[in-house]
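The values are calculated or read from the model by the stated rules, or taken from the named source; none is laboratory data. Remember, it's a predicted structure, so these values are computed and weren't measured experimentally. With ideal geometry, Cβ positions are generated from the backbone for all residues, glycine too; neighbour counts draw on all protein chains shown. Ligands, DNA and RNA are stripped out before the accessible areas are found, and what is left, the full protein with its side chains, is counted by its heavy atoms. Shrake-Rupley method; radii C 1.70, N 1.55, O 1.52, S 1.80 Å.
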Amino acid sequence: MSLSPKTQRETACALLGEKGLVRMREFRDAGIGAETVARLVRDGAVERIARGLYQLSGAMPDPQHNFAEASALVPKGVICLTSALQFHEMTLQMPSAVWMAIDRTGWKPKVDYPPIRFVRFGTKAMSEGVKRHQIDGVAVPIFEPAKTIVDCFRYRNKIGLDIALESLREGLRAKRVTPDQLWKFARSARVWTVMRPYVEATVADGA
């Protein structure tokens, strides 16, 4: 038996409250018709943020949910740079898009939502320092803290040297990384000459 319109509306809102972002197919699987969703949008209770993707009006996006969404859509990508810093709690920055590394020779997908900023990494850089984290049932590949800090220095012209320095200070202060770990990844990425004075100064300051 199909749900009544009132029950469909309540069920839709409950589903959105639980998951944050809901796709039209998930509404259908829950027995909620397209007209009920359209009515919620017209009433201003629900926002359509991308084709076939909805959230409650005024809801703040959950960055980690966006990481899971991005990873599901781009399974060969790796969460990197400011987004990886955010995941590891090594920055106060709130990036407006998910930063994702893809292979230098790989295909660049077109994704409507979540917004993704792609960065090209070489094959070796794509394979080093990657760990998978379970987020919303998705095994999300994210670069580990030391690798992320090194990548921030590699791409400092893209994200800003201030963010790279912030990540270095916070990583060492919170003991998320060690100088030896930084040296290992920086040597592989050939940026140790750039990083060395900043690492030594930060350690000397007792970060």
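Please list Trp99, Trp192, Trp183 in order of solvent-accessible area, largest first, computed with a 1.4 Å probe with all protein chains present.
Largest to smallest exposure gives the sequence Trp183, Trp192, Trp99.
Structure remark: mean-square fluctuation, Gaussian network model of the chain, C-alpha springs under 10 Å; the largest value among Phe143, Phe118, Phe67 belongs to Phe118. Per residue, region 61-168 exposes 46 Å² of solvent-accessible protein surface, assessed with a 1.4 angstrom probe and all protein chains in place. Within the assembled protein chains, the solvent-accessible surface assigned to Ser127 is about 80 Å², based on a 1.4 Å probe. Across the accessible surface of the chain, with the other protein chains kept in place and a 1.4 Å probe, carbon and sulfur atoms take up 50 percent. Computed per residue of the chain from DSSP H runs no shorter than four, each worth -39500 (n - 2.57), the mean residue ellipticity at 222 nm is -14500 deg cm²/dmol. Across the cross-link table entries Lys110/Lys175; Lys19/Lys124; Lys19/Lys108; Lys19/Lys131, which are compared at the Cα atoms, the separations over 32 Å belong to Lys110/Lys175; Lys19/Lys124. Computed about its Cα centre, the charge dipole of region 4-119 is approximately 420 debye, with only Lys, Arg, Asp and Glu carrying charge at their Cβ.
How big is the Cα convex hull of region 48-108 in projection, averaged over all directions, in nm²?
Numbers: hull surface 20.0 nm².
Quarter of the Cα hull surface area: 5.0 nm².
Computed about the Cα centre, the dipole magnitude for the chain is approximately 740 debye when only Lys and Arg (+1) and Asp and Glu (-1) carry charge, each at its Cβ. Note on the chain: Cα Rg divided by 2.2 N^0.38 Å, N the number of residues, gives 1.23.
Over all directions, the average projected area of the alpha-carbon convex hull for region 135-200 comes to how many nm²? Don't jump to the answer; show the numbers that get you there.
Numbers: hull surface 20.4 nm².
If you wrap the Cα atoms of region 135-200 in a convex hull and average its projections, you get 5.1 nm².
Near Gly122: Cβ cut-off under 13 Å, other residues only, Lys/Arg at +1 and Asp/Glu at -1. The net charge is +2.
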